[in-house]
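The values are calculated or read from the model by the stated rules, or taken from the named source; none is laboratory data. All values derive from a computational prediction rather than experimental measurement. Here Cβ is always computed from backbone atoms with ideal geometry, including for glycine, and neighbour counts include all displayed protein chains. Surface accessibility is based on the protein's heavy atoms, side chains included, excluding ligands, DNA and RNA. Shrake-Rupley method; radii C 1.70, N 1.55, O 1.52, S 1.80 Å.
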Amino acid sequence: MLHLGVAAALALAAPIDLGVAPAEPTPIWGGTASAPGAWPAVVAISVGNFLCTGTLVSSNVVLTAAHCLDDKPDPSTIIVRLGDAIDSPGSTSKVIAYGSDPDFCADCKADIHDYGYLVLANSQPQAAPFPRVITSQDEWDELMFIDAPITLVGFGEDENKSAGRKREVEVPLTHFSASGLEFQAGGDGLDSCRGDSGGPAFARLDSGEYVLAGITSRGYTCGKGGYYSVPMGGICWL
């Protein structure tokens, strides 16, 4: 697979500007709308006019991508929305604080530490159960291998250039970075896209529990696969 410059790759995985028409289609293909009420901890994040996705890992902390926060927005401009779509009735919360990994490097070619978090003004216990991050070597060995199934969830674009509806797609894991801090997944029309940035990549244990294996970071042309930061690598900073 040809490696693109990270600046170009981040542009393809960038948040969607909700105030302007999207660019020519490079949408997510192969996914489906999530069932009503599915993935309750997966939330839409509006940063001004831009859309990202995130995952509640407690009642008031959301994991997302650092590049969604790279413009250093005022917290008052960030709104987190629960529910199946950004325009459907559901709980919303303002953000009182946020942070990005100090090692985040948008200009790096790999292992860019694309980790960010939001602290909500309002607790959201109704979104439980909250996904937990893979932290044990045994779980990593069970779940993280080439061709392992990974489920991506987000509010980004679909094949009709429509964003704002929670969607999901199962993709194969295709590659690890040398350090293991990132992996690649998807391709052949199964992928995340603009607006899915910061959203979860889930892996399913034999017990049936879905655990957080990755955070959507950046990608090639949508449909051709993307990069995912391994949250276990950011645990010490978080």
| remark: The cysteines in the chain that find no other cysteine Cβ closer than 4.7 Å to their own Cβ are CYS236
| said: Could you tell me the center-to-center distance, by alpha carbons, between the range 92-123 and the range 163-183 in angstrom? | reply: 18
| All-pairs Cα distance distribution in the chain, expressed in whole percent, bin size 5 Å | 1, 7, 16, 21, 22, 18, 10, 3, 0, 0
| said: In Å², and per residue, what accessible area does the range 88-238 have when probed at 1.4 Å with the other protein chains present? | reply: 42
| said: Let me spell out the model: positive unit charges on the Cβ of Lys and Arg, negative unit charges on the Cβ of Asp and Glu, origin at the Cα centre of the range 83-139. What dipole size does that give, in debye rounded to 20? | reply: 300
| field | Solvent-accessible ranking of THR55, THR92, largest area first, probe 1.4 Å | value | THR92, THR55
| request: Could you run the Karplus curve 6.51 cos²θ - 1.76 cosθ + 1.60 with θ = phi - 60° over the range 136-146 and give me ³J(HN,Hα) per residue in whole Hz, x for Gly and Pro? | output: 9, 5, 4, 5, 4, 5, 5, 10, 10, 8, 4
| query | Which of LEU82, CYS68, GLY31 sits farthest toward the positive end of the charge dipole of the chain, with +1 on the Cβ of Lys and Arg and -1 on the Cβ of Asp and Glu? | reply | LEU82
| In the chain, carbon and sulfur make up what percent of the accessible area (probe 1.4 Å)? | 55
| request: Go through TRP237, TRP39 and list them by solvent-accessible area, largest first, probe radius 1.4 Å. | output: TRP237, TRP39
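Using R₀ = 35 Å, calculate the FRET efficiency as 1/(1 + (r/R₀)^6) where r is the Cβ-Cβ separation of GLN137 and ASP71; round to 0.05.
Efficiency, rounded to the nearest 0.05: 0.40.
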| Within the chain, helix-based [θ] at 222 nm, where runs of 4 or more DSSP H residues each add -39,500 (n - 2.57), nearest 500 | -1500 deg cm²/dmol
| When the dipole is taken about the Cα centre of the chain, and only Lys, Arg (+1) and Asp, Glu (-1) are charged at their Cβ, what size is it in debye, to the nearest 20? | 600
| Descending semi-axes in whole angstrom, ellipsoid equivalent of the range 81-175, from the Cα gyration tensor | 26, 20, 17
| task | Can you find, among LEU205, TYR228, ALA178, the residue farthest towards the positive end of the dipole of the range 164-238? Put +1 on the C-beta of Lys and Arg, -1 on that of Asp and Glu. | result | TYR228
